[in-house]
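The values are calculated or read from the model by the stated rules, or taken from the named source; none is laboratory data. Note that the structure is a prediction, hence the values are computed from the model and not measured. Quick reminder, even Gly has a Cβ in these numbers, built from the backbone with ideal geometry, and neighbours come from all protein chains shown. What goes into the accessible areas is simple: the full protein's heavy atoms, side chains included, and nothing from ligands, DNA or RNA. Shrake-Rupley method; radii C 1.70, N 1.55, O 1.52, S 1.80 Å.
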Amino acid sequence: MTTAENSYTEVNFDGLVGPSHNYSALSTGNIASLSHGGKASNPKKAALQGLAKVEFLINRGFQQGIFLPQERPNISFLKSHGFCGTDTEIVNNVFKSNPKLLSIAFSASSMWTANAATVMPSNDSEDGNLHFVVANLSAKPHRAQEAKWTYEYLKKVFAADCFRVHPALNGGEAFADEGAANHTRLSSEHSAPGVHLFTFGRSAWKDLPHPKKFVARQSLEASQSLSRLGTVESKSIFIQQNPAAIDAGVFHNDVICVGNENILFSHEKAFTDKSRKELKVFLKKNLASYQWIEVKSSDVSLKKCVSSYLFNSQLLSDPQNPSQMLLLCPQECQEDKIVKKYLDRLVAKNKTIKEWKTLDLRQSMRNGGGPACLRLRVQLSKNELKRIHPEALLNKETIEGLRKIVSKNYRDKLSVNDLRDPQLITEIRTALDEFTQLLKLGPLYDFQK
């Protein structure tokens, strides 16, 4: 039975889009990213769209936190590849000799905090602590550079002794980990003990089905390590992504599946047949009551799932009516007649998911990230909520402060060619410094020269 003392709240920590947000097509397997490569982005609009999502949810009574952008360009990364001189000299030399390397150094992909870490709450862990395991993101070089800073940020925000922040897994490709985008927690309610679904695309040492077109990112071995570090092994299952789904553009499981409390919402082609059967047995054995809503291909094809990002929506328990849920979808779901028809039918029939809303996140969507990509879900007890860095939790005033900084310092147009503009570095550093002061987070950036 849930009491005030042991009740838990879910806080979504959204990633603030950075001022270097651009379309460099760095993410193979991500169809949206590849199809928009080389086009001009709008960093200002991207960040404001993300803040509008946060404000919408706060107005609805949800708790929201923030991850600030990482320092870009990553000058130390470029120096580690043999470039030297002033920042401007380094950027110009890299642009001339290897523009793709410069795009990596400017990548704003840390905005997708669903990839920042995997979270295992204290009401599930055997040691009674809330665990974060930072994702190594080793499958993609533009993302692999994020792990060190993410670790330091989490350690600063979750500094109390009731939190355990684990560094990223080492061991190379065999332990490639993409974070919470491949992890789902299910329970009767947030405050109740839950089970953990770890989804992987490949195994380093087992002969398993694999995609033919794109490389699977999450490894089974990494998922097993996450379960051990979070001390939730006895409550975990490891299920494999359908290789056909990966080849269709499902580079992370959260592009094809989302869960909340006792509801799992996925496409029928999300998992291999073997894993799908194992998951049914596991859920029946470990959850007293649950709903698994599987969308059939005849209702919504894999192709439309990827183009609309139907499953990269946020499935959220309504704070005003906890027995009901809201599905927060990207605008593309409203614009696709087939997807809209399905969602209208879903909320009309389902007893729990009673509402679906859309928001315009076009700038993020063009790089392959929808509402669920932009947030990291953290279940916190009342005591734990009091012990995180308070300014990391957002309210209307801090959102307005962030919005002013973005409006003043971000560009409304940024092409790959613009990355070599020396003024861009100054603009980025000014914005990051002002963010830090607003949220009273102390020194976060060293602005390496």
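Observations on the model:
- What separates the Cα centres of segment 231-275 and segment 125-157 is a distance of 21 Å.
- Overall, the chain carries a charge dipole of about 1020 debye about its Cα centre when +1 sits on the Cβ of Lys and Arg and -1 on the Cβ of Asp and Glu, all other atoms neutral.
- For segment 345-360, the Karplus equation 6.51 cos²θ - 1.76 cosθ + 1.60, evaluated at θ = phi - 60°, returns couplings of 5, 4, 6, 6, 9, 6, 7, 10, 7, 10, 8, 10, 10, 10, 9, 7 Hz by residue, with Gly and Pro reported as x.
- Segment 388-428: projected area of the alpha-carbon convex hull, averaged over directions, in nm²: 4.1 nm²
- Taken over segment 157-280, lysine pairs spaced eight or more positions apart, or on distinct chains, with alpha carbons under 18 Å apart number 7.
- Theoretical ellipticity at 222 nm over the chain - DSSP helices of four or more residues, -39500 (n - 2.57) apiece, nearest 500: -10000 deg cm²/dmol
- Heavy-atom accessible area, probed at 1.4 angstrom with all protein chains present, ranks Trp112, Trp205, Trp292 as Trp205, Trp292, Trp112, highest first.
- Global geometry of segment 371-449, whether rounded, prolate or oblate, following the gyration tensor of its Cα atoms and the 1.5 cut on a/c: prolate
- Between the alpha-carbon centres of segment 39-90 and segment 289-322 there is a gap of 28 Å.
- Links that overshoot a 32 Å alpha carbon limit, given the list Lys45/Lys382; Lys284/Lys382; Lys303/Lys396: Lys45/Lys382; Lys303/Lys396
- Rounded to the nearest Hz, the phi-derived 3J(HN,Hα) couplings of segment 254-266 under the Karplus curve 6.51 cos²θ - 1.76 cosθ + 1.60 (θ = phi - 60°) are 6, 8, 9, 7, 8, x, 7, 6, 9, 10, 10, 10, 8, where x marks glycine and proline.
- Counting only residues at least eight positions apart within a chain, or on another chain, the lysines with an alpha carbon under 19 Å from that of Lys96 are Lys79.
- Exposure rank, largest accessible area first [His389, His210; 1.4 Å]: His210, His389
- The DSSP beta bridges internal to segment 248-349 are antiparallel in roughly 60% of cases.
- Relative contact order of segment 226-348, defined on C-alpha pairs under 8 angstrom at six or more residues apart (%): 24 percent
- Heavy-atom accessible surface of the chain, averaged per residue, reaches 39 Å², computed with a 1.4 Å probe.
- Residue among Ala270, Ala176, Ala348 with the largest mean-square fluctuation in a Gaussian network model of the chain, springs linking Cα atoms under 10 Å: Ala348
- Between segment 179-216 and segment 419-446, the alpha-carbon center distance in angstrom: 35 Å
- For Trp356, distant residues with modelled amide H under 5 Å away: Leu327
- Unpartnered cysteines - no second Cys beta carbon under 4.7 Å - across the chain: Cys84, Cys162, Cys257, Cys305, Cys373
- Per-residue surface analysis assigns Tyr342 an accessible area of about 20 Å², computed on protein heavy atoms at 1.4 Å probe radius.
- Diffusion coefficient of the chain by Stokes-Einstein, Kirkwood radius over Cα pairs, 37 °C, 0.692 mPa s: 149 µm²/s.
- The GNM of the chain, with springs linking C-alpha atoms under 10 angstrom apart, assigns the highest mean-square fluctuation among Val300, Val281, Val119 to Val281.
- Given a 1.4 Å probe and the protein chains as shown, Lys440 ends up with an accessible area of around 140 Å².
- Only beta bridges with both residues in the chain are counted; by DSSP, about 50 percent of them are antiparallel.
- Segment 139-234, relative contact order [Cα under 8 Å, separation at least 6], %: 24 percent
- Rounded if a/c under 1.5, otherwise prolate or oblate - segment 43-116, Cα gyration tensor axes: prolate
- In the assembled protein chains, Glu189 presents an accessible area of approximately 70 Å² (probe radius 1.4 Å).
- Enclosing the Cα atoms of segment 215-364 in their convex hull gives a volume equal to 136 cubic angstrom per residue.
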